[in-house]
Amino acid sequence: MVMEPLPIAELSFMHARWTIKARVTNKSRVRKFAKGNEEGKVFSIDLLDKFGGEIRATFFNQGADKYEEVLQVGSCYVFSRGNVKIANRQYNNCNHRYEITFDKEAIVSPVAEDAAIQNMKLTYVDLRSVQQKTLPTKVDLVGIITDFKPAFRFTSRDGKELVKRELVLADDTAISMQVTIWGDRATMPDEKFAGKPIAALKGVVVKEWNDGRSGSLISDGAIIFEPSDADAERIQKWWKGGGSTQNISALSREGGAGGAARNASLGTLAEVRKIAESLPEQPVTVIEVVRLATIQTKRQGEPQPLTYLACSAPREKSTLLCNRRVNDDGVCPACGSVGMGVARLNIRAQFVDYSNSTWLTTFHEGAQNVLGMQAEEILALERENSSGEEGKSSKLNDVLKQKYYNPAPLQITIRAKTDSYNGEMRGNISCIDAKPVNRVEHGKRMLTEIQELLGGESMF
């Protein structure tokens, strides 16, 4: 008598005998281990059945030897004679209370392709919902890869050689988040990530970092380019229908603005200028809501570049990138790397508020948020300008003018400090971060200011 397969969702240690039919959606590498004086080997797979149930199964020793080559990702099998136990959450990220272990008694039989079983179960969470979740949390995401960094190799504190790549994923909530991918996924060719492709990521752990939220794809997770489900189609339609030109709010924050922002006070541009003129002993950080008035594109009659190429080669014995400006021939003068330059922004921007206006130097991450564009896009426009082709000489200026006095105000973080130039002490102010205004918080702040002007009387 053939036993009817049990739905994975119903599997528990209460079932003495069971059979499940499932597709292998993920498979780990075979790992050797030592237990006492004995050595063993182990690998794990993730299983998905036609009812949408998922579970982790681990093969040990003789079971691993017998089925290591048999089990292939994407194929369907019938499984029996395994031991069901409570899932160990330290090593198991499947959404099932239990997990299965197989040894030499395991029986695994390949079966024909079953169209009723999905290739992978993805339960998407949009980035607006991620913004509200209690951290840490694990989610599946789908969105447009709007930016990416080169693969970066480094040595961890415990001596392991690691490689990672950072992506920026945006969805149709007009929110983006940085997600780090690791290992073989990180070393995929740059061409896989170029051109703003849509991708689904299964198993992203989201944590708080630098006053923002960032994700990391778990080792047992997956990245699927050009998924064909309804959510992916909706997001692609949004991107092509105007999402690519929207002002995208970032959940993740880069660079060193995090600590400064925590200690920042609210102020105006007029107050910032006074602080700089007073030559403060310690840097002062101020947050203000402003609008972008103009970008400096010429200096003394000559074109003023907005971009430069920075070396992306890793520093020796460090997790940091070189980041030195490369020469015109593509060679880094610091480390000697060739062809490792990536576009970075360094702009001089004039901002205005009700109190004053001022010019601020604005570096890469903040500048991208100010312009709502990636450095690569600005570089491409600059190269078009320098090509001398008819009708293209003013294209960069036309694009920039669309950003001036944009209806959406910006919240910028400004650092005022004292610098020494040729032995002379000078005040220096720069924009170290920029992001869209949180209209709810800004509205409450303005109401409070109005109440203070009215002598503390309630307006309601």
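The values are calculated or read from the model by the stated rules, or taken from the named source; none is laboratory data. All figures in this text were calculated on a predicted structure; none of them were measured in a lab. Don't worry about glycine lacking a Cβ; one is built from the backbone with ideal geometry, like all the others, and counts go over all protein chains shown.
Give the residue that is nearest to LEU47 (Cα to Cα), with candidates limited to residues of the stretch 231-252 that are hydroxyl-bearing (Ser, Thr, Tyr) and in a helix (DSSP H, G or I). It would help to see each step written out before you state the result.
In the first step, residues of the stretch 231-252 are kept if they are hydroxyl-bearing (Ser, Thr, Tyr); the result is 244-245, 249, 252.
Within this subset, residues satisfying the condition of being in a helix (DSSP H, G or I) are 244-245.
Working: SER244: 37, THR245: 40 Å.
Filtering the stretch 231-252 for residues that are hydroxyl-bearing (Ser, Thr, Tyr) and in a helix (DSSP H, G or I), the one nearest to LEU47 (Cα to Cα) comes out as SER244.
Say we look at the stretch 195-230 and pick out the residues that are in contact (Cβ under 8 Å) with a residue 12 or more places away in the chain and outside any strand (DSSP E or B); which of these is farthest from the chain's Cα centre (by Cα)?
The extreme case among them is ASP229.
Would you please name the residue that is nearest to the chain's Cα centre (by Cα), looking only at residues in the stretch 411-421 that are surrounded by 14 or more Cβ atoms within 10 Å (Cβ to Cβ) and over 16 Å from ARG348 (Cα atoms)? Let's see the steps before the verdict.
Residues of the stretch 411-421 surrounded by 14 or more Cβ atoms within 10 Å (Cβ to Cβ): 411-418.
Among the residues that remain, those that are also over 16 Å from ARG348 (Cα atoms) are: 411, 417-418.
Numbers: GLN411: 21, LYS417: 31, THR418: 34 Å.
Of everything passing the filter in the stretch 411-421, GLN411 is nearest to the chain's Cα centre (by Cα).
Within the group ILE45, ILE20, which residue is closer than 25 Å to LYS138 by Cβ, of a type in the set (A, V, I, L, M, F, W, C), outside any loop (DSSP other than H, G, I, E, B) and within 32 Å of the chain's Cα centre (by Cα)?
After ruling out the rest, the residue left standing is ILE45.
The rows are residues; the columns are (1) assigned by TED's automatic domain parsing to the domain that holds ASN385; (2) closer than 30 Å to ILE248 by Cβ; (3) touching a helix residue (DSSP H, G or I) at 6+ places or on another chain (Cβ under 6 Å); (4) among the polar types (S, T, N, Q).
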site	(1), (2), (3), (4)
ALA270	yes, no, no, no
ARG273	yes, no, no, no
ALA293	yes, yes, no, no
GLU302	yes, no, no, no
PRO305	yes, yes, no, no
CYS322	yes, yes, no, no
ASP328	yes, no, no, no
ASP353	yes, yes, yes, no
LEU360	yes, yes, no, no
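Table: residues versus (1) of a type in the set (S, T, N, Q); (2) closer than 27 Å to ASN406 by Cα; (3) outside any loop (DSSP other than H, G, I, E, B).
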site: ARG273; (1), (2), (3): no, yes, yes
site: THR285; (1), (2), (3): yes, yes, yes
site: ASN323; (1), (2), (3): yes, no, no
site: ASP328; (1), (2), (3): no, no, no
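How about the stretch 287-321: which of its residues are outside any loop (DSSP other than H, G, I, E, B) and at pLDDT below 80? Let's see the steps before the verdict.
Going through the stretch 287-321, the residues outside any loop (DSSP other than H, G, I, E, B) turn out to be 287-295, 298-299, 302-303, 307-311, 314, 321.
Selection gives PRO314, LEU321.
Is it the case that ILE378 is in contact with a Cys (Cβ under 8 Å, 6 or more places away or on another chain), modelled with pLDDT of 85 or more and either under 16 Å from ALA349 (Cα atoms) or surrounded by 12 or more Cβ atoms within 10 Å (Cβ to Cβ) (or both)?
Numbers: in contact with a Cys (Cβ under 8 Å, 6 or more places away or on another chain): no; modelled with pLDDT of 85 or more: yes; either under 16 Å from ALA349 (Cα atoms) or surrounded by 12 or more Cβ atoms within 10 Å (Cβ to Cβ) (or both): yes.
So ILE378 fails the test.
For residues that are assigned to a strand (DSSP E or B), at pLDDT 90 or above and charged (D, E, K, R), scanning just the stretch 146-185, find the one that is farthest from PRO436 (Cα to Cα).
By that ranking, first place goes to LYS164.
The rows are residues; the columns are (1) part of a strand (DSSP E or B); (2) free of Cβ contacts under 8 Å to residues at least 12 places away in the same chain; (3) surrounded by 13 or more Cβ atoms within 10 Å (Cβ to Cβ).
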| residue | (1), (2), (3) |
| --- | --- |
| THR58 | yes, no, yes |
| GLN62 | no, no, yes |
| ASP65 | no, no, yes |
| VAL73 | no, no, yes |
| ASN93 | no, no, yes |
| THR101 | yes, no, yes |
| SER109 | yes, no, no |
| GLU113 | no, no, no |
| ILE117 | no, no, yes |
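Do we have any residue at all in the stretch 131-145 that's assigned by TED's automatic domain parsing to the domain that holds GLN236, of a type outside the set (Asp, Glu) and part of a helix (DSSP H, G or I)? Step through it out loud before you land on a result.
Filtering the stretch 131-145 down to residues assigned by TED's automatic domain parsing to the domain that holds GLN236 leaves 131-145.
Right, trim to of a type outside the set (Asp, Glu) and you get 131-139, 141-145.
Narrowing further to those that are part of a helix (DSSP H, G or I): 131-132.
Checking the stretch 131-145: at least one residue is assigned by TED's automatic domain parsing to the domain that holds GLN236, of a type outside the set (Asp, Glu) and part of a helix (DSSP H, G or I).
Need pairs with beta-carbon distance below 9 Å; first residue free of Cβ contacts under 8 Å to residues at least 24 places away in the same chain and within the stretch 301-315, second assigned to a strand (DSSP E or B); sequence gap 6+ or separate chains.
That search, which allows pairs on different chains as well, returns ARG315/LEU321.
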